[in-house]
Amino acid sequence: MNKTILQQLFDGELYPSETINDPESRKISSIIAEEREYLFERLSDGDRESLRKMNDLYHEVTNIYGNECFACGFRLGALLLIEVFSKNIDDFDQIK
């Protein structure tokens, strides 16, 4: 039996952020990784530590931003559904 989306959410089986598979994003991420490695090889130990801290903060803020975008989109979708289902069924005759 297939689980519903609600069951999958409850069971912790859905990870929307891990399903993003955009070729442009992968390309840019690869370039960033190459540039980061280039810098790490040339920096002093102290500067490497500063770059690591900056990377950690960047990942943290990117994660927060991604969560907020996801939540905003989810809320917008829910509001659209509420609006659609709250309309009088007679209003749909005008769409035809």
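Between residue 59 and residue 24, 0.36 nm times their residue separation minus their Cα-Cα distance comes to what?
10.8 nm
Under a 1.4 Å probe, what is the accessible area of the chain per residue, stated in Å²?
94
What distance in nm lies between label points placed 7 Å from Cα along the C-beta direction at residue 80 and residue 35?
Going by the 7 Å Cα→Cβ label model, 3.3 nm.
For the chain, take every pair of Cα atoms, bin their distances at 5 Å starting from 0, and report each bin as a whole percent.
Bin by bin from 0 Å, the calculated values are 2, 9, 9, 14, 13, 11, 11, 9, 7, 5, 3, 2, 2, 1, 0.
Give the ranking of 26, 36 by solvent-accessible surface, highest area first, calculated with a 1.4 Å probe.
Descending order: 26, 36.
Of all accessible surface on the chain at a 1.4 Å probe, what whole percent is carbon and sulfur?
In the chain, the share of accessible area belonging to carbon and sulfur is 60 percent.
What list of ³J(HN,Hα) couplings, whole Hz, do you get for region 53-67 from phi and the Karplus terms 6.51, -1.76, 1.60, once you set θ to phi - 60° and write x for glycine and proline?
Rounded to whole hertz, the list is 4, 5, 4, 4, 5, 4, 5, 5, 5, 5, 5, 4, 4, x, 4.
Along each of its three principal axes, how wide is the spread of alpha-carbon positions in region 12-53, in whole angstrom units, largest first?
So the extents along the principal axes, rounded to whole Å, are 41, 25, 9.
The values are calculated or read from the model by the stated rules, or taken from the named source; none is laboratory data. The structure displayed is predicted, hence computed values, not measured ones. Neighbour counts run over all protein chains shown; Cβ positions are idealised from the backbone, glycine included. These accessible areas exclude ligands, DNA and RNA; they are computed on the full protein's heavy atoms, side chains included. Shrake-Rupley method; radii C 1.70, N 1.55, O 1.52, S 1.80 Å.
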